[in-house]
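Each remark here refers to the structure printed beneath this line.
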Amino acid sequence: MSHETNSAPVTENKMGTMPIGKLVFNMSLPMMISMLVQALYNIVDSIFVAKLSENALTAVSLAFPLQTLLIAVATGTGVGMNALLSKSLGAHKYEEANKIAVNAALLYFLSYIVFLILGFTIVRPFYMSQIGNADVEIMDMGIEYLSTVMIFSFGLLAQIYFERLLTSTGRTIFSMTSQLCGAITNIILDPIMIFGLLGFPKMGVTGAAVATVVGQCVAAIVAFTCNHKFNHEIKVHFKGFRPDIRIIGTIYAIGIPSIIMQSIGSVMTYSMNRILIGFSATATAVFGVYFKLQSFFFMPVFGLNNGITPIIAFNYGAQNRKRMIKTIKVSLATAFCLTFLGFICFEGIPQVLLGMFNASDDMLKIGVPALRIIGVHYLMAWFSIICSTIFQALGKAVFSMIVSIMRQLFILIPAAYILAKIGGLAVVWWSFPIAEVISVTVSVLFLIYIYRKIISKIPAGSDVL
């Protein structure tokens with residue numbers, strides 16, 4: 001029996017006929033759990049680093065922009081690949097799906113070559129541009145940490161590639177398994193590598209980077225194994241392979257806006273670091289702590305996104321409007337509940353959150369009001385995040401890019417700069433809620449446009465909701 005005949009019922013029975021509430025739960029919950037664990041080990045990473053010193057925490061915090069860029073390229077390419085794969089599977093084009101997977105593998109390999117070169121060349125100038133020669137200890141620790149992460153980034157890129165292959169065919173449980181294995185490995189190795197336990201040398205912040213890289217490699221191996229054994233819809237084989245410009249162009253047509261959108265986060269964190277370091281290294285450390293903490297509440301929402309993207313894309317390819325709309329409604333309600341928890345925690349227990357990072361009195365003085373101000377944006381952020389996923393799944397990722405650019409470059413950074421000048425450190429944090437208001441407004445306008453131009457014109461489709 002042909003490959004196509006075997007694989008069609010597996011995908012369609014789940015993505016096209018399972019009740020939406022159950023489908024979103026089955027697809028997203030494993031991803032949400034795995035992303036939550038990812039956020040947890042990011043937090044644990046910084047908690048252990050903070051025990052070394054506040055300077056060590058600042059050094060790692062200053063690495064965020066380039067780390068964000070690395071993740072942006074990996075996940076953005078995955079967005080393009082995933083949306084294209086899911087649409088091809090929804091339209092029963094299985095050989096096309098195989099070609100998409102192989103061409104995407106080439107893109108991930110080329111991405112690693114770029115970051116390998118950057119790891120050897122750009123890290124020192126990058127740190128000097130943020131702090132100059134003001135604190136040699138912070139710079140030296142940061143260079144060691146970031147160089148290690150970038151030079152050995154093949155683990156992260158391979159992990160995300162194989163996990164996205166799994167999610168595109170609805171096998172999110174295996175994607176969750178790989179991420180859990182990587183996260184647990186990282187959490188176990190962090191104290192061992194940082195503090196030199198069990199006979200290992202004490203490596204400090206470099207040990208945190210080594211633990212991260214090893215965890216990513218473990219996750220990549222697990223994800224590869226799960227694809228090889230269980231993912232029968234997609235076959236990755238390079239025999240007779242020749243790059244397909246059409247497929248590569250389509251992947252990037254969807255993925256590049258996502259890459260740019262997330263890369264703008266790099267520009268934002270870099271710019272915020274430059275603004276905050278003008279007040280003190282402690283202010284920069286507070287921003288770094290916020291970034292770690294907010295991931296604990298946002299990462300599950302991104303896991304929800306990863307789960308619903310193939311559902312929306314599949315039913316778009318299958319021309320089923322009712323199931324698309326139901327998926328959107330369920331995801332919006334779920335995202336609100338998740339971010340509302342973040343709002344409660346940031347407003348109610350900021351001292352406890354900062355205390356996990358061995359916060360000094362100075363950090364608490366700056367950080368407690370900062371978290372409470374920034375926490376307001378949780379009441380709005382959920383809507384823009386889900387809208388971004390809807391735009392990407394329907395091939396309009398450029399809308400997500402526009403919203404992200406407006407929020408982080410045209411609103412947040414200018415607002416932070418102006419507020420820092422006129423009100424000082426105490427008010428600079430209001431730039432986050434201000435930017436979120438603009439983001440939600442523009443997202444609403446784009447969603448109305450998408451509904452009128454695309455969603456409303458799709459046949460109603462199945463009544464199985």
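Specify the inter-centroid distance of the stretch 217-274 and the stretch 415-465, based on alpha-carbon positions, in whole Å. Computed from Cα coordinates, the inter-centre distance equals 26 Å. If you bin all the Cα-Cα distances of the stretch 137-218 at 10 Å, starting from zero, the percentages per bin are 19, 41, 27, 11, 2. A straight line joining the Cα centroids of the stretch 65-144 and the stretch 393-409 runs 19 Å. Rounded to the nearest whole Hz, the Karplus-based 3J(HN,Hα) values (6.51 cos²θ - 1.76 cosθ + 1.60, θ = phi - 60°) of the stretch 311-326 follow the sequence 5, 5, 5, 4, 6, 5, x, 7, 6, 10, 5, 4, 6, 5, 5, 4, with x at glycine and proline.
For the chain, the spread of Cα coordinates along the three principal axes comes to 65, 49, 35 Å, biggest extent given first. Residues Asp140, Asp190, arranged from fewest to most other Cβ atoms within 10 angstrom of their Cβ, appear as Asp140, Asp190. Listing Val214, Val114, Val205 from fewest to most neighbouring C-beta atoms within 10 Å gives Val114, Val214, Val205.
When the chain is described by a simple charge dipole with +1 on each Lys and Arg Cβ and -1 on each Asp and Glu Cβ, the residue from Asn55, Thr121, Cys217 located farthest towards its positive end is Cys217. Taken one residue at a time, the phi angles of the stretch 109-122 give Karplus couplings (6.51, -1.76, 1.60, θ = phi - 60°) of 5, 5, 4, 4, 4, 4, 6, 4, 5, 4, x, 8, 10, 9 Hz. Gly and Pro are set to x.
What's the exposure ranking of Leu447, Leu409, going from fewest to most Cβ atoms within 10 Å?
Sorted ascending by nearby Cβ count, the order is Leu409, Leu447.
If you wrap the Cα atoms of the stretch 161-278 in a convex hull and average its projected area over all directions, you get 11.2 nm². Within the chain, the longest run free of trypsin sites (Lys or Arg not before Pro) that sit in a DSSP loop with at most 16 other Cβ atoms within 10 Å is 240-465. Helix-only arithmetic for the chain: the sum of -39500 (n - 2.57) across DSSP H runs with n ≥ 4, divided by the residue total, places the mean residue ellipticity at 222 nm at -28000 deg cm²/dmol.
Residue-wise HN-Hα couplings along the stretch 66-82, as the Karplus relation 6.51 cos²θ - 1.76 cosθ + 1.60 with θ = phi - 60° gives them from phi, are 6, 5, 4, 4, 4, 5, 4, 5, 5, 6, x, 4, x, 4, x, 5, 5 Hz; Gly and Pro carry x.
Rule-based calculations on the coordinates, nothing more; no lab input. Only a predicted model underlies this, so the values are computations on that prediction, with no experimental measurement involved. When we count neighbours, we look across all protein chains shown, and the Cβ atoms used for this are built from the backbone with ideal geometry, even at glycine.
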